[in-house]
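Colleague: One structure, as structure tokens, below. Some questions next.
The values are calculated or read from the model by the stated rules, or taken from the named source; none is laboratory data. Predicted model, so just to flag it, every value in this text is computed and none were measured. Cβ sites come from the backbone with ideal geometry, for glycine too, and all protein chains shown count toward neighbours. Note: accessible area is taken over every heavy atom of the protein model, side chains too, but ligands, DNA and RNA are not part of it. Shrake-Rupley method; radii C 1.70, N 1.55, O 1.52, S 1.80 Å.
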Amino acid sequence: SFLNDTPAPTSNYAMNSLQVAIDTLRDPEVIEYNLAAMPGIKNNTLNKTLVDMCESRGDALAIIDLRHDYISAYECATGCPDPADRLPNVNQAILNVRNELQLNSSYGAAYFPWVQIRDISNGQFVWVPPSVAALGAISYSQKASELWFAPAGFTRGGLSAGNAGIPVVSVRKRLTSKERDKLYDANINPIAQFPAEGIVIFGQKTLQVTQSALDRINVRRLLIFLKREISRFASTLLFDQNVRTTWNR
């Protein structure tokens, strides 16, 4: 896809449209949310913009899709490579994250690889970006427990069990144990498939490179929740007298 390159917004309608769409989400007083994603968009510039926007707001987590994951045939205008050349490439995806994307933010997260789902509206099997499954699993985790629980593992991240809200039946690349470790070291959350247990999200790292508690999704989501609740409470006290009655409230 041409969006895998970096066209200038002034010369590319799709790039400009997505930039404008992200800009419409910048003001926390206009629109409220705690997760943001652009499923299927692998452009580094747009993904950086989305993560930076969430970080500037301070109250949302961006789920991004990566270059060198699966390339759908629908992304090829002309001369689409053979299916074998469009498969996910673990090493190239890691190099892209480290050398090109170069994000160091706890307000972003990435998953790998694409997954196959059954479209419940027509029964067809389709390949979808990993951000789709990740959003569903995070939503399920919050509903089943609390948003500060890790949205990973078989209890909350078991995709074969329907925890993504959609039936996930396969992965575009079955990751080996070494590949999962390499992805996790690069702050990319692997989606694994096991012969007996099924398909599961096997990581919950943010894109923060610096090691701290904030390199975990559940910690960042907890602090996003706390910031929003404290802001909501504080707004009810604004302009009140600085006296004991107000303190007690």
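Colleague: Among (1) open to solvent by 40 Å² or more (accessible area, probe 1.4 Å); (2) not in a helix (DSSP H, G or I), where does ALA192 come up short?
Modeller: With (1) open to solvent by 40 Å² or more (accessible area, probe 1.4 Å); (2) not in a helix (DSSP H, G or I) applied to ALA192, the lone miss is (1).
Colleague: Filter the stretch 35-50 down to the residues that are open to solvent by 30 Å² or more (accessible area, probe 1.4 Å) and farther than 14 Å from PRO129 by Cβ and list them by number.
Modeller: Correct list: LEU35, THR45, LYS48.
Colleague: Sticking with this one: Looking only at strands (runs of 3 or more DSSP E) that fall completely inside the stretch 72-145, which ones have 3 or more residues that are buried (at least 24 other Cβ atoms within 10 Å of the Cβ)?
Modeller: By residue number, 108-112.
Colleague: Now for a separate question. Given (1) at pLDDT 95 or above; (2) crowded, with 19+ Cβ neighbours inside 10 Å, identify the lone condition not met by GLY157.
Modeller: (1)
Colleague: Restricting to the stretch 51-70, name every residue that is crowded, with 18+ Cβ neighbours inside 10 Å and without any contact (Cβ under 8 Å) to a residue 40 or more places away in the chain.
Modeller: ARG57, HIS68
Colleague: I've got another one for you. Would you confirm, using the coordinates I've provided, whether PHE149 is assigned to a loop (DSSP other than H, G, I, E, B), more than 19 Å from GLY108 (Cβ to Cβ) and among the aromatic types (Phe, Trp, Tyr)?
Modeller: yes
Colleague: Got at least one residue in the stretch 154-173 being in a loop (DSSP other than H, G, I, E, B) and touching a residue at least 60 places away in the same chain (Cβ under 8 Å)?
Modeller: Yes, the stretch 154-173 has at least one match.
Colleague: Continuing with the same structure: Report, by residue number, each residue of the stretch 12-34 that is open to solvent by less than 50 Å² (accessible area, probe 1.4 Å) and either under 19 Å from ALA134 (Cα atoms) or of a type in the set (Phe, Trp, Tyr) (or both).
Modeller: Within the stretch 12-34, TYR33, ASN34 qualify.
Colleague: Is it true that some residue in the stretch 182-205 is at pLDDT 90 or above and hydroxyl-bearing (Ser, Thr, Tyr)?
Modeller: Yes, there is a match, as at least one residue in the stretch 182-205 is at pLDDT 90 or above and hydroxyl-bearing (Ser, Thr, Tyr).
Colleague: Residue under question is ASP215, and the condition is that it be open to solvent by 10 Å² or more (accessible area, probe 1.4 Å) and without any contact (Cβ under 8 Å) to a residue 24 or more places away in the chain; does it hold?
Modeller: Here the answer is no, as ASP215 does not meet what is asked.
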